[in-house]
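Working notes for the structure below.
The values are calculated or read from the model by the stated rules, or taken from the named source; none is laboratory data. Predicted model, so just to flag it, every value in this text is computed and none were measured. Backbone-built Cβ (ideal geometry, glycine too); neighbour counts: all protein chains shown. Accessible surface is based on the protein model in full, side chains and every heavy atom, while ligands, DNA and RNA are left aside. Shrake-Rupley method; radii C 1.70, N 1.55, O 1.52, S 1.80 Å.
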Amino acid sequence: MMMRKMGLAAMALLLLGGNAPAQTGGVRQGAAQKDAAQQYGPLRPGVPQRVDMQWWQDSHYGLFLHMGLYTVAGGEWKGKGGFGEFIQLNNKIPVAEMREEAKRFNPVQFDANEWVAAARRAGMKYIVVGSKHHEGFAMFDSPCNDFNVVKATPFGRDIIGELAAACQRQGMPFGVYYSLGRDWDDPDCPSNWPREGGRSNDWDYPNERAKEFSRYFERKAMPQVLELLRQYPNISILWFDTPGYCSPEQSQRMIDTIQKYRPGCLINDRVGNGLGDFITPEQTVSGGLDPDPWESCITIGSSWGYTKRDTVFKSPEIVARLLTDIVSKGGNLLLNIGPTPWGTFPEKAVANLDAVGRWLGTNGEAVYGTRPWRVYGESFVREKIGGKTGAENPDEVKDETAKGTEPDIRFTKKDNVLYVFARSWKAPAVRVQDLLLTPHESVKRVSLLGYKGKIDWKMDGNGIEMSLPGKFRPEVPVYVYKLEL
């Protein structure tokens with residue numbers, strides 16, 4: 001994964017850095033690039049003109065799945081731990097050893113139908129699954145490269161194909177992740193982050209200046225994307241990562257190819273060079289309302305891929321708070337889990353997601369199909385941000401999401417309804433300081449989703465005070481009031 005941040009001040013500073021220069025060959029044509037804005041282009045994509053994004057913006061909540069050859073090790077290599085999907089880079093594992101590792105990839109309990117069913121139970125409305133991560137190992141049957149799950153493993157089954165079919169059967173929109181500009185198996189994949197060669201395979205292929213990105217692009221990246229489009233006709237999202245040395249022409253060619261074979265397919269901004277349909281901040285959330293389509297990708301645990309030592313999973317309350325914060329600001333939450341080497345989801349992750357799914361079963365009308373209100377909410381104390389700082393490995397997992405459970409308010413709207421989320425509320429009454437109603441608007445009726453009794457309420461100027469029944473204490477303490485205007 002590659003870090004993307006979206007705070008307004010940070011974004012302004014990054015945008016001042018300008019676009020990446022055109023690069024048509026290897027690393028020698030852009031080695032002086034240093035900051036994220038120069039490497040990857042501006043954070044904001046162009047105004048979407050190709051596609052209807054309403055289904056995606058109505059969905060608000062999707063499942064991200066990171067499973068690859070790195071999953072086999074489970075975060076440990078030769079007695080050392082602390083690794084996830086970067087295990088090959090951090091341990092400088094030779095390509096030959098990774099190909100031997102592929103002989104241990106055998107997730108015999110994998111059931112595509114159950115994976116999709118689990119996402120549906122969790123209230124998720126689309127799935128994005130990794131088809132090739134930075135190690136260069138394809139999770140589908142790739143005719144152009146034998147380093148894939150079908151040809152190189154004892155498992156011998158097409159995981160992407162089975163998931164695509166299961167999504168089609170269950171009516172779940174299906175997307176694939178593809179590491180575009182980083183591939184440790186390929187000799188022609190240079191890197192420019194956080195320095196020249198900083199994320200390259202320099203142990204098998206040490207001559208960074210001899211690497212020509214265009215050779216890799218033509219030999220592997222473009223052919224594999226074409227294979228995905230041709231082999232799995234229900235792909236509705238292509239979620240790229242690490243564009244690296246993609247030139248503007250290559251990024252545009254990728255978009256044109258996808259548009260030709262899959263009209264309407266959404267493409268994220270990491271196709272590179274300021275292109276794409278939506279912005280993808282990583283492990284962080286916008287600080288305020290943002291009118292552009294955006295999606296925060298956040299992992300439920302401590303890494304993107306499975307690690308056997310990971311015992312810290314975001315609680316249902318924290319996930320619900322993340323979701324409602326993001327939706328109140330106009331975005332989507334793409335929540336990640338890393339399946340186990342056996343092909344199952346970690347039990348704790350499933351339990352937490354199921355609890356959020358039950359909460360959405362009661363309160364989903366305030367999430368799905370909604371848009372932001374005039375402000376995203378009211379906060380009473382500064383939210384606590386927890387997790388790793390990522391100073392040494394800036395493009396690995398770096399969690400800058402809120403971990404606190406301080407009571408606060410968030411809003412969404414749909415037609416003539418204003419939804420008020422009282423998050424982690426403990427007091428016997430919920431007070432909103434200012435609903436920002438116009439002189440022509442008034443509250444006509446108030447109800448509490450999931451509660452069959454009457455809610456007492458009174459206006460105080462443009463504010464409102466609503467009772468919170470003492471005996472109504474649901475599993476996830478995020479209460480949703482429905483205000484009919």
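Within region 448-485, being basic (Lys, Arg) and touching a residue at least 12 places away in the same chain (Cβ under 8 Å) holds for one residue alone: LYS482.
Screening THR340 on (1) among the β-branched types (Val, Ile, Thr); (2) assigned to a loop (DSSP other than H, G, I, E, B); (3) over 23 Å from ALA112 (Cβ atoms) shows it passes everything except condition (3).
Filter region 402-411 for residues that are in contact with a helix residue (DSSP H, G or I) (Cβ under 8 Å, 6 or more places away or on another chain) and closer than 20 Å to ILE298 by Cα; which is most open to solvent (accessible area, probe 1.4 Å)?
Step one: filter region 402-411 for residues in contact with a helix residue (DSSP H, G or I) (Cβ under 8 Å, 6 or more places away or on another chain), giving 402-403, 405, 410-411.
Those left that are additionally closer than 20 Å to ILE298 by Cα: 402-403, 405, 410.
Details: ALA402: 22, LYS403: 71, THR405: 55, ARG410: 4 Å².
Result: LYS403.
Take the conditions (1) closer than 24 Å to GLN57 by Cα; (2) more than 21 Å from the chain's Cα centre (by Cα); (3) assigned to a helix (DSSP H, G or I); GLN224 misses just one of them, which is (1). Criterion applied to GLY305, GLY330 was being modelled with pLDDT of 95 or more, in a loop (DSSP other than H, G, I, E, B) and open to solvent by 10 Å² or more (accessible area, probe 1.4 Å), and the one residue passing it is GLY330.
Of the listed requirements (1) in a loop (DSSP other than H, G, I, E, B); (2) more than 30 Å from TYR205 (Cα to Cα); (3) of a type in the set (D, E, K, R), ARG169 misses just one: (1). Of all residues in region 76-105, those that are touching a residue at least 40 places away in the same chain (Cβ under 8 Å) have Cβ atoms under 6 Å from Cβ atoms of residues that are in a loop (DSSP other than H, G, I, E, B) and charged (D, E, K, R), 6 or more apart or on another chain, in GLY81/ARG309; PHE86/GLU396; GLN88/GLU135; PRO94/ASP204; VAL95/ASP185; VAL95/ASP204. A Cβ distance below 8 Å, combined with a sequence gap of six or more or placement on separate chains, defines the contacts here; from region 305-325, residues that are under 21 Å from VAL478 (Cα atoms) and small (Gly, Ala, Ser) reach residues that are at pLDDT 95 or above and surrounded by 19 or more Cβ atoms within 10 Å (Cβ to Cβ) in the pairs SER315/ASN352; ALA320/VAL356; ALA320/TRP359; ALA320/ARG423; ALA320/VAL476; ALA320/VAL478.
When only residues in region 352-385 that are among the hydrophobic types (A, V, I, L, M, F, W, C) and in a loop (DSSP other than H, G, I, E, B) count, which is nearest to the chain's Cα centre (by Cα)?
Initially, region 352-385 is screened for residues among the hydrophobic types (A, V, I, L, M, F, W, C), giving 353, 355-356, 359-360, 366-367, 373, 375, 380-381, 385.
If we keep only those that are in a loop (DSSP other than H, G, I, E, B) too, we end up with 367, 373, 375, 380-381.
On the way: VAL367: 18, TRP373: 24, VAL375: 24, PHE380: 28, VAL381: 27 Å.
Going through the qualifying residues, I end up with VAL367.
The single residue among PRO190, PRO233, PRO194 that is closer than 24 Å to LEU65 by Cα, part of a loop (DSSP other than H, G, I, E, B) and out of contact with any Leu (no Cβ under 9 Å at 6 or more places or on another chain) turns out to be PRO233. Residues that are under 16 Å from the mean Cα position of the chain (by Cα) and assigned to a helix (DSSP H, G or I) occur in region 270-279; there is at least one. Looking only at residues in region 227-252 that are of a type in the set (S, T, N, Q), within 20 Å of the chain's Cα centre (by Cα) and farther than 21 Å from SER214 by Cβ, the one that is surrounded by the fewest Cβ atoms within 10 Å (Cβ to Cβ) is ASN234. Restricting to region 68-80, what's the tally of residues that are part of a loop (DSSP other than H, G, I, E, B) and either open to solvent by less than 10 Å² (accessible area, probe 1.4 Å) or of a type in the set (S, T, N, Q) (or both)? Residues in region 68-80 being part of a loop (DSSP other than H, G, I, E, B) and either open to solvent by less than 10 Å² (accessible area, probe 1.4 Å) or of a type in the set (S, T, N, Q) (or both): 4 in total.
If I filter region 199-217 for residues that are of a type in the set (A, V, I, L, M), within 27 Å of VAL150 (Cα to Cα) and out of contact with any Pro (no Cβ under 8 Å at 6 or more places or on another chain), do I get at least one hit? Spell out the reasoning first.
Filtering region 199-217 down to residues of a type in the set (A, V, I, L, M) leaves 210.
Narrowing the set further to residues that are within 27 Å of VAL150 (Cα to Cα) leaves none.
No - not one qualifying residue is present in region 199-217.
Residue under question is TYR205, and the condition is that it be of a type in the set (Phe, Trp, Tyr), under 24 Å from GLN57 (Cα atoms) and surrounded by fewer than 24 Cβ atoms within 10 Å (Cβ to Cβ); does it hold? Against the criterion (of a type in the set (Phe, Trp, Tyr), under 24 Å from GLN57 (Cα atoms) and surrounded by fewer than 24 Cβ atoms within 10 Å (Cβ to Cβ)), TYR205 does not qualify.
Results for (1) open to solvent by less than 10 Å² (accessible area, probe 1.4 Å); (2) part of a strand (DSSP E or B), shown as yes or no for each residue.
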| position | (1), (2) |
| --- | --- |
| GLU400 | no, no |
| LYS413 | no, yes |
| LEU418 | yes, yes |
| TRP425 | no, no |
| ASP434 | no, no |
| PRO439 | no, no |
| SER442 | no, no |
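When every residue of region 345-361 is checked against the conditions, at least one turns out to be modelled with pLDDT of 95 or more, under 18 Å from ALA422 (Cα atoms) and open to solvent by 20 Å² or more (accessible area, probe 1.4 Å). Against the list (1) open to solvent by 10 Å² or more (accessible area, probe 1.4 Å); (2) closer than 27 Å to PRO107 by Cβ, the condition GLU135 fails is (1).
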